Every structure is written in structure tokens, then in C-alpha cells.
1. Six or more apart or on different chains, Cβ under 7 Å: which pairs go from a residue in region 76-89 that's acidic (Asp, Glu) to one that's surrounded by 24 or more Cβ atoms within 10 Å (Cβ to Cβ)? Could you list them?
2. On the basis of being among the hydroxyl-bearing types (Ser, Thr, Tyr), more than 17 Å from VAL101 (Cα to Cα) and either open to solvent by less than 60 Å² (accessible area, probe 1.4 Å) or assigned to a helix (DSSP H, G or I) (or both), does THR9 make the cut?
3. Scan region 12-32 for residues that are open to solvent by less than 60 Å² (accessible area, probe 1.4 Å) and either in contact with a strand residue (DSSP E or B) (Cβ under 8 Å, 6 or more places away or on another chain) or of a type in the set (A, V, I, L, M, F, W, C) (or both) and report the count.
4. Take region 71-81 and flag every residue that is surrounded by fewer than 16 Cβ atoms within 10 Å (Cβ to Cβ) and farther than 20 Å from ASN19 by Cα.
5. Looking only at residues in region 82-101 that are within 12 Å of the chain's Cα centre (by Cα) and not in a strand (DSSP E or B), which one is surrounded by the most Cβ atoms within 10 Å (Cβ to Cβ)?
6. Only residues that are under 14 Å from LEU46 (Cβ atoms) and among the aromatic types (Phe, Trp, Tyr): list them for region 58-101, please.
7. Taking the residues in region 33-49 that are assigned to a loop (DSSP other than H, G, I, E, B) and touching a strand residue (DSSP E or B) at 6+ places or on another chain (Cβ under 9 Å) as candidates, determine which candidate is most open to solvent (accessible area, probe 1.4 Å).
8. Considering region 76-101 alone, what residues qualify as being more than 17 Å from ARG49 (Cβ to Cβ) and either modelled with pLDDT under 95 or among the aromatic types (Phe, Trp, Tyr) (or both)?
Amino acid sequence: SSRITWYNTGLGACGTVSNDGQLVVALNHDQFDPSTPNGNPNRNSLCGRRIKVNANGRSVTVTLVDRCAGCPYGGLDLSPAAFSVLASTSVGVVQGSWDWV
């Protein structure tokens, strides 16, 4: 089970600007950082990969664009649009699962 939250997007660790209406995700730092060469997250090999997230009997496929410093191992921080597919943003946190697509 993974902790899934949401955040307001913008300039992400992968070096791209996203908006809250896009289906994007920030990956927890424990899983993101090992793929960051020489401390430059813009060159992280995970950037741009797609993830299928499941919670509450629903699923959404998102693109990795950012790093989540406050997420626990396995945790994801979704854009508001992506989180809204799984639950209302007023809920704030859901438990779910995810896998690379």
C-alpha cells in the first residue's frame, strides 16, 4: 500500500513546467534520487516515465515530472487533476498502489 497525496504543480525536479490540469506525478525522494546522476535531477532517468496509480477502485496513468521530498518510500504526490480521478482533493490522502507502465 502506498500513501498518495496531491500538490500544486509548477517547475518540477525534471526541469519541466506542469500545470494542475495535467496528469503528472512527483515520486518520493527515496526512489527518485538513486536515478539522479551527479546531483542533477533534470537528468534523472525516471523523468517522463509513466505510472499507473490505483485507489478506491479507480486508476489513472500519470507522467513523472517531479520529486516529492516529503513523501515516504513508495509514496506519490499527484497533480490535482490526477488525484481527482481517484478521490476528491478535499480528502487529501488515499492509500493505493502503483506500478510502472
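The values are calculated or read from the model by the stated rules, or taken from the named source; none is laboratory data. Quick caveat: nothing in here was measured; it's all calculated off a predicted structure. Virtual Cβ from ideal backbone geometry, glycine too; neighbours counted across all protein chains shown. Surface areas here come from the heavy atoms of the whole protein model, side chains and all, with no ligands, DNA or RNA. Shrake-Rupley method; radii C 1.70, N 1.55, O 1.52, S 1.80 Å.
1. ASP77/TRP6; ASP77/VAL25; ASP77/ALA26
2. Numbers: among the hydroxyl-bearing types (Ser, Thr, Tyr): yes; more than 17 Å from VAL101 (Cα to Cα): yes; either open to solvent by less than 60 Å² (accessible area, probe 1.4 Å) or assigned to a helix (DSSP H, G or I) (or both): yes.
Criteria met by THR9.
3. Of the residues in that region, 11 qualify.
4. PRO72, TYR73, GLY74 - these are the residues of region 71-81 that are surrounded by fewer than 16 Cβ atoms within 10 Å (Cβ to Cβ) and farther than 20 Å from ASN19 by Cα.
5. PHE83
6. Across region 58-101, the qualifying residues are TRP98, TRP100.
7. Result: ARG49.
8. Answer for region 76-101, where residues must be more than 17 Å from ARG49 (Cβ to Cβ) and either modelled with pLDDT under 95 or among the aromatic types (Phe, Trp, Tyr) (or both): just PHE83.
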